[in-house]
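Reading through the structure tokens given below for one structure.
Values in this text are rule-based calculations from the coordinates and carry no lab data. Quantities reported herein were computed from a predicted structural model and do not represent experimental measurements. Here the Cβ is made from the backbone with ideal geometry for all residues, glycine too, and neighbour counts use every protein chain on show.
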Amino acid sequence: MTVDEAHRRRALASLLMRAGERVAREWGFNVALLHVYEENRGAVRAYEKAGYETIRAPFRTPYDVLRGRTKLLMAKRI
């Protein structure tokens, strides 16, 4: 999920996360998973505030290795 910079700091990310979690519950899921770039501290904080916890770090795809980036895998019971 990405919120355009012009629309950040308006709780849109929280609304989008809750909507996605609601749909996932309706589909029978009880855990939400996401990955986020480790250096994206603002997003990591937002996900932690929403109840997500890091369950695997580092998480790197071959593409991430080439770009020198690392992701965190985060989860939340829904």
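Quote the FRET efficiency, to the nearest 0.05, computed for residue 14 versus residue 39 with a Förster distance R0 of 22 Å and r equal to the Cβ-Cβ distance.
Computed FRET efficiency for residue 14 and residue 39 comes out at 0.55.
In loop segments of the chain as defined by DSSP, the trypsin sites (Lys or Arg not before Pro) with at most 14 further C-beta atoms inside 10 Å of their C-beta are 8, 9, 10. Report, to the nearest 10°, how far helix 12-26 tilts away from the longest principal axis of the Cα atoms in the chain, using its own Cα long axis and a range of 0 to 90°. Approximately 70 degrees, to the nearest ten. The GluC sites (Glu not before Pro) of region 10-69 meeting both criteria, a DSSP state outside H, G, I, E and B (loop) and at most 13 other C-beta atoms within 10 angstrom of the site's C-beta, are 39. Among the chymotrypsin sites (Phe, Trp or Tyr not before Pro) within region 1-69, those in coil by DSSP and having at most 10 neighbouring Cβ atoms inside 10 Å are 27.
Does a label point 7 Å from the Cα of residue 64, set along Cα-to-beta-carbon, have any residues of region 27-49 with amide nitrogen under 12 Å, and which are they? So the set is 34-40. Within the set (1) 16.2, 45; (2) 13.3, 38; (3) 16.1, 49, the number that Rg and Dmax of the Cα atoms in Å takes when calculated for this structure is listed as (2).
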